[in-house]
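Student: Right, I'll just put the structure down here and ask away after.
Computed from the coordinates by the stated procedures, all read-outs in this text should not be read as laboratory data. As the structure is a prediction and not an experimental result, all values here were calculated from the model. We place every Cβ from the backbone using ideal geometry, glycine too, and count neighbours over all the protein chains shown.
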Amino acid sequence: MIKMKEIKASNMNVEKFIDDKVRAIREAVGDGLAINALSGGVDSSVVTALGHRALGDRLKTYFIDNGIMREGEPAKVAAAFKKLGIKVEVLDASKAFFAALKGLTDPEEKREAITQTFYKNVFGKLVVKSKANYLLQGTILTDVDETVAGIKRQHNVFEQLGIDPQKAFGYKILEPLIELRKDGVRKVGAGLGLPAGMFDRIPFPGPALAARVIGEVTPAKIALVKKATAITEAALKNVKAFQYLAILHEDRVTGMRNNKRAFGNQIEIRCWNSIDARTARPTRLSFDVLEKIAAKITKDIPEVVSVTYNITSKPTSTIEAI
Ligand code: XMP
C-alpha cells in the first residue's frame with residue numbers, strides 16, 4: 001500500500017504547487033492527449049482548470065450525465081466552463097447508470113456499480129476512442145484515506161487498493177490533487193483564477209444523488225431527491241456550512257394529507273460544519289430555517305410527508321448516507 005504525502009492547506013505555497021503540477025502533467029503526457037471527466041464538483045473543476053493550464057486543447061473534457069446529478073447541473077457546468085474558454089462535451093449516459101443500479105440496495109454494491117459503469121462502460125470506452133493515454137482525475141487525500149480504511153469505497157481510488165488502472169481499464173491515471181484535502185483544493189482553485197462559485201461550492205460526492213437514496217436507486221426516487229436537494233440548497237446557500245444535503249429514506253411513515261391518512265416518504269436533511277470532511281458536526285440551524293425547509297419540501301413534493309434533521313456528528317455518522 002502506498003503511503004501518501006500530505007500537503008496542508010495552512011502551509012502550502014499555492015503558486016509553486018500549481019507550477020509543479022503543470023510541469024508534471026506536461027512531462028507525463030508529452031505530445032500525447034489526456035482526457036478528463038468533469039462532474040462540476042470542486043475537485044474535478046479544479047483539476048480541469050489545472051489540466052487545461054498544462055495542456056490546453058490537448059486535454060479533452062467530458063461531462064458524463066449519469067442521470068443522478070443535481071437539477072440542471074450538466075448544462076450549468078458546461079456553460080460556466082465555456083465562459084473560461086474551456087470546452088466541455090456533455091454525454092448523456094443516464095440509461096446505462098440506471099440499468100446498472102437496478103435491483104441494488106447494498107451501499108457498496110451501488111458505489112461499485114457506478115464505478116464500473118463509469119470507468120468501464122462509459123468513460124473507459126470514450127478514453128479508448130479518444131486515443132488519450134492519460135486520464136486526469138481529481139482524487140484527493142480524504143478519498144484515499146476513507147477507501148483504504150474501508151469506510152467508504154470512493155469511486156475514484158484504484159492504485160492505493162492495488163488496482164492497476166492500466167491493466168483494469170487500459171489507461172494511466174494522473175492525480176495532481178492527491179496530496180491535498182478539500183481546503184487545499186479550494187486554494188488551488190483560487191490560485192488558478194477560477195470564479196469563487198466554482199471552488200467555493202459545497203462538496204458533492206462522486207456517486208452523486210445515489211449516495212443520498214437509501215435502498216434501490218430508480219429514476220423516480222432520483223427525481224424526488226433532486227427536488228428536495230434543490231429546495232435544501234436554496235434554503236441553506238447563505239448559511240456558512242461545509243456541506244448540506246437531503247436524503248431520501250427507504251422506510252415510509254404514516255402522515256396525513258387533506259384529512260386523510262397518507263403513507264409517505266421521509267426526507268432527512270443534513271447540514272455540516274467541517275474543515276476537511278474527516279470529522280464533522282451538525283450545524284446549529286435555526287428552527288425557523290428548518291421549518292421553512294420542511295414546509296416547502298412537503299408542499300412541493302406530494303410523496304413526502306415527513307422531514308427530519310440529523311443531529312449526529314461524524315463519527316459515528318458519515319457526511320453522506322451511503
Ligand atoms: P463521507 O460521507 O464519507 O464523505 O463522510 C466525506 C466527503 O466526501 C464526499 N464523498 C465523496 N467524494 N467520491 C467523492 O469524490 C465519493 O465517492 C464520495 N463519497 C463521499 C462527501 O460528499 C463528503 O464531502
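Student: Please state the shape class of the stretch 9-199: rounded when a/c is under 1.5, otherwise prolate if a/b exceeds b/c and oblate if not, all from the C-alpha gyration tensor. Mind dumping the intermediate values first?
Tutor: On the way: a/c = 1.39, a/b = 1.28, b/c = 1.08.
Rounded shape, in that the Cα axes give a/c under 1.5.
Student: Along the Cα→Cβ direction, 7 angstrom out, place labels at Lys76 and Leu91. What is the inter-label distance in nm?
Tutor: Inter-label distance under the simple model: 2.4 nm.
Student: While we're on this one: How much net charge surrounds Arg181 when only the other residues with a Cβ under 12 Å from the Cβ of Arg181 are counted, with Lys and Arg +1 and Asp and Glu -1?
Tutor: Values: positive: Lys8, Lys182, Arg186, Lys187, Arg278; negative: Glu6, Asp43, Asp143, Asp145, Glu146, Glu179, Asp183, Asp276.
Neighbour charge sum, excluding Arg181 itself: -3.
Student: Another question about this same structure. Among 247-260, 49-62, how do they line up from the highest to the lowest mean number of other beta-carbon atoms within 10 Å?
Tutor: Numbers: 247-260: 12.7, 49-62: 20.3.
Going from most to least packed, we get 49-62, 247-260.
Student: What percent does the relative contact order of the stretch 2-151 come to when contacts are Cα pairs within less than 8 Å and at least six residues apart?
Tutor: 27
Student: With label points built 7 Å along Cα→Cβ from the Cα atoms of Asp19 and Glu159, find their separation and express it in nm.
Tutor: 2.4
Student: What shape does the stretch 130-203 have by the C-alpha gyration tensor, where a ≥ b ≥ c are the square roots of the eigenvalues, rounded means a/c under 1.5, and otherwise prolate means a/b greater than b/c and oblate the rest? Write down the numbers at each step before the final one.
Tutor: On the way: a/c = 2.73, a/b = 1.38, b/c = 1.97.
In terms of gyration-tensor shape, oblate.
Student: Which entries in Lys102/Lys131; Lys21/Lys182; Lys5/Lys226 show an alpha-carbon gap greater than 27 Å?
Tutor: Values: Lys102/Lys131 31 Å; Lys21/Lys182 17 Å; Lys5/Lys226 37 Å.
Correct reply: Lys102/Lys131; Lys5/Lys226.
Student: Same structure, new question: Pull up the cross-link candidates among the lysines for Lys260, meaning alpha carbon to alpha carbon under 21 Å and not fewer than 8 places away within one chain.
Tutor: Qualifying lysines at Cα under 21 Å: Lys296, Lys299.
Student: Let me ask something else about it. Starting at the first residue of the stretch 296-308, write each ³J(HN,Hα) from the Karplus equation 6.51 cos²θ - 1.76 cosθ + 1.60 with θ = phi - 60°, in whole Hz, x for Gly and Pro.
Tutor: Ordered by residue, 3J(HN,Hα) equals 5, 5, 6, 6, 7, 10, x, 6, 8, 10, 9, 10, 10 Hz.
Student: Below 18 Å, Cα to Cα, which aspartates and glutamates can Lys240 reach? Residues fewer than 8 away in the same chain don't count.
Tutor: Lys240 reaches Asp183, Asp200, Asp276, Asp288.
Student: Could I ask something else about it? Kindly provide the helix-only [θ] at 222 nm of the chain, computed as the sum of -39,500 (n - 2.57) over DSSP H runs of four or more divided by all residues, to the nearest 500 deg cm²/dmol? All intermediate terms of the calculation are to be shown ahead of the outcome.
Tutor: On the way: 12 runs with 126 residues, N = 322.
Here the helix-only value at 222 nm equals -11500 deg cm²/dmol.
Student: If a/c stays under 1.5 just call it rounded; otherwise compare a/b with b/c (prolate if a/b is bigger, oblate if not). Do that for the stretch 161-262, with a ≥ b ≥ c from the square roots of the Cα gyration tensor eigenvalues.
Tutor: Values: a/c = 3.50, a/b = 1.55, b/c = 2.25.
Oblate is the answer for the stretch 161-262, as a/c is 1.5 or above yet b/c matches or exceeds a/b.
Student: Still on this structure, please answer the following. Using amide H atoms built 1.01 Å from N in the peptide plane, name the residues 5+ places from Ile140, or on other chains, whose amide H lies under 5 Å from its own.
Tutor: Distant-sequence amide H within range of Ile140: zero hits.
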